[in-house]
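A short worksheet on the structure shown next.
The values are calculated or read from the model by the stated rules, or taken from the named source; none is laboratory data. Since the structure is predicted, the reported quantities are computational estimates derived from the model, not experimental observations. Ideal geometry is used to build each Cβ from the backbone, glycine not excepted, and the neighbour counts take in all protein chains shown. Areas reflect the complete protein model, heavy atoms only, side chains present, ligands, DNA and RNA absent. Shrake-Rupley method; radii C 1.70, N 1.55, O 1.52, S 1.80 Å.
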Amino acid sequence: MSEGLMKDLLLWLLFGLFARPSILTPPTESAMTGDGHQQSLDCKRFVHGHGTHESWPSNNQSRLPVVESKVFASRLKKQFVSGHFTVVRDPLRTVSVLEPGGPGGCGTHKMATVEETARAAGCLYAQNAGYFNTKTGHCLGNIVSDGRMVMDSGGVQNAQFGIRRDGTLVFGYLSKEDVLDLSNPFVQLISGVVWLVRNGKVNIKPSLKAECGKTQETGTLQQFTDVISARTAVGHDAQGRLILFHLDGKTSERGMSLWQMADFLKDKGVINAINLDGGGSSTFIANGSLASYPSDECSKPEKSWRCARPVSTILCVHPHRCQPPDCSGHGQCVAGLCQCQEGWRGAVCNFSTCQSSCGAHGVCAASGCVCDAGWRGQNCSQECPSGFYGDGCKQTCSCMNNTSCHHIFGNCSCPPGFYGAACEKYGRILVEPLLTLGVDTSDPTQSRWLTITAILSVLLLLSLVAHVLPVCQRWLETRRCRDYDYLPLTTGGGVSLQCSTLIGESDKGFMDNSHITELP
């Protein structure tokens, strides 16, 4: 081989090496962030502040049908293209971003067909959504599924689609701060590549300058945009209805470029739209069954057939569901509407009917705090005003000497030095026995005299006990002395005169102690 020919061959090899389309390779450990997300050095990151995005109020009509899907077939230059155009009402309660195979699929780098994931979740319609590393199964971009944060991209700039808790539809670029904002958090969020339509206009040129091209694996971002292929997109119309777009095709052979898809969506009245994963991943499911024509060949020996590719996340359209599904823990989801427990209100049962805690003297009901007898106020912390008592402080009472009645029982009798709440303990002791006897404790005269009588009775009983007890003691001692048959001697030879003295002083009629003589 001549030297000139060898030089030409080397130049040709070098040209082929550097000119070929770039293919996304599995990220090395040093190119991964702490949370496992790919970190491309040439991809812009936006962490703080608010990204460039558009917000639109979603359609919240709950009337049926939830979704309408149509098959289209159109002539595009020298070819026919076909796919599905799906219109979804009330997307807040009917659309979910799902991980491959169900919750936790991204964490295990699992890949599953759209049909597998959709059938398990009971989807009416479904199509593939976010990008992933086809070699490792690693999910890419931002993902929020039914209010659960699965992963965030750290602010890498790619087109985003999300639904916030209040139903707002969001399209465009988001900072990491936007993604993690809890004031009106995302309940669904997925990343695409290229913001196709913005405010009714084709937006591809600005996207090519702003976005991270390494999220997709087709080649350069310009090649990815220009090549015809199967496509998937999500957008919305002027009514706030969500639009799911799916197109059959095969890369470089049939389908649409992103320019053609953007024009198609704009002509169909789409206001904002982003491009999702396409090519061999592009799949559409209707009622649990494959409804599209995948471009991937099946494995041997069925290579003459076409099979759906295992993919990452999907967009699922399902019957009405509540968001959050447990109605904030204070209700039950019935036909897509939260039926709140007593004491809670709002579309998702997240507002208490009571403005604050009802404290120790009330319970929270649908109408607000219901206070115990004798208490009032928004949180049942105030006693009934003077002259009122009982349930709702609606019963009246009056007491002599300008004293107040008990706020619960209505009686005017309190121990000296006790009033108001401090009287409750003693007031119950005095009043409850009277109530069992049918006494009207709200009558100041009757209540006052009954109290005085009770006190005098107690004093009289104490006085009687004080006088009777000494007499009983003396009588018992006398009985003991009369039972003696002899008189005990003292140690000095004398006789103890204890009993004789007692008898002589207290009971001289029983015994005369004159006959007692001193023994030698």
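At-a-glance table
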read-out	value
V363 vs. criteria outside any loop (DSSP other than H, G, I, E, B), of a type in the set (V, I, T) and modelled with pLDDT under 90	yes
Qualifying residue in segment 59-66 (condition: open to solvent by 80 Å² or more (accessible area, probe 1.4 Å), at pLDDT below 80 and of a type outside the set (F, W, Y))	yes
In segment 288-342, the residues that are aromatic (F, W, Y) and surrounded by fewer than 16 Cβ atoms within 10 Å (Cβ to Cβ)	W305
Condition check for I285: modelled with pLDDT of 95 or more, touching a helix residue (DSSP H, G or I) at 6+ places or on another chain (Cβ under 8 Å), of a type in the set (V, I, T) and open to solvent by less than 70 Å² (accessible area, probe 1.4 Å)	yes
Residue match in segment 38-50 (condition: buried (at least 21 other Cβ atoms within 10 Å of the Cβ) and within 29 Å of the chain's Cα centre (by Cα))	no
Segment 170-213: number of residues that are without any contact (Cβ under 8 Å) to a residue 60 or more places away in the chain, within 30 Å of H320 (Cβ to Cβ), open to solvent by less than 30 Å² (accessible area, probe 1.4 Å) and out of contact with any Lys or Arg (no Cβ under 7 Å at 6 or more places or on another chain)	1
Options M261, M256: the member that is closer than 27 Å to L92 by Cβ and open to solvent by less than 10 Å² (accessible area, probe 1.4 Å)	M261
From the options N203, N133, residue that is modelled with pLDDT of 95 or more and among the polar types (S, T, N, Q)	N203
Identity of the residue in segment 366-411, modelled with pLDDT under 75 and hydrophobic (A, V, I, L, M, F, W, C), that ends up least open to solvent (accessible area, probe 1.4 Å)	A366
Residue among A373, A347 that is in contact with a strand residue (DSSP E or B) (Cβ under 7 Å, 6 or more places away or on another chain) and not in a strand (DSSP E or B)	A347
Answer residue from segment 133-144, given it is open to solvent by less than 10 Å² (accessible area, probe 1.4 Å) and touching a residue at least 60 places away in the same chain (Cβ under 8 Å) and is farthest from G104 (Cα to Cα) among those	N133
Any pair with Cβ under 7 angstrom, 6 or more apart, that starts in segment 300-312 at a residue that is part of a loop (DSSP other than H, G, I, E, B) and ends at one that is open to solvent by 100 Å² or more (accessible area, probe 1.4 Å) and at pLDDT below 90	K303/E297
Selection within segment 110-129 - surrounded by fewer than 24 Cβ atoms within 10 Å (Cβ to Cβ) and in a loop (DSSP other than H, G, I, E, B)	K110, M111, T113, G122, L124
Test: residue in segment 69-91 that is buried (at least 18 other Cβ atoms within 10 Å of the Cβ), modelled with pLDDT under 75 and either in a loop (DSSP other than H, G, I, E, B) or out of contact with any Gly (no Cβ under 9 Å at 6 or more places or on another chain) (or both)	no
Matching residues, segment 104-151, being of a type in the set (A, V, I, L, M), under 25 Å from the mean Cα position of the chain (by Cα) and closer than 13 Å to I190 by Cβ	I143, V144, M149, V150, M151
Tally of residues being more than 36 Å from the chain's Cα centre (by Cα) and either surrounded by fewer than 18 Cβ atoms within 10 Å (Cβ to Cβ) or not β-branched (V, I, T) (or both) across segment 215-226	8
Number of positions in segment 158-169 that are surrounded by fewer than 21 Cβ atoms within 10 Å (Cβ to Cβ) and either under 15 Å from C212 (Cα atoms) or among the β-branched types (V, I, T) (or both)	1
Any pair with Cβ under 8 angstrom, 6 or more apart, that starts in segment 251-264 at a residue that is over 17 Å from G280 (Cα atoms) and ends at one that is open to solvent by 10 Å² or more (accessible area, probe 1.4 Å) and not charged (D, E, K, R)	W259/V202; Q260/L76; Q260/I228; A262/V202; A262/N203; D263/V202; F264/S74
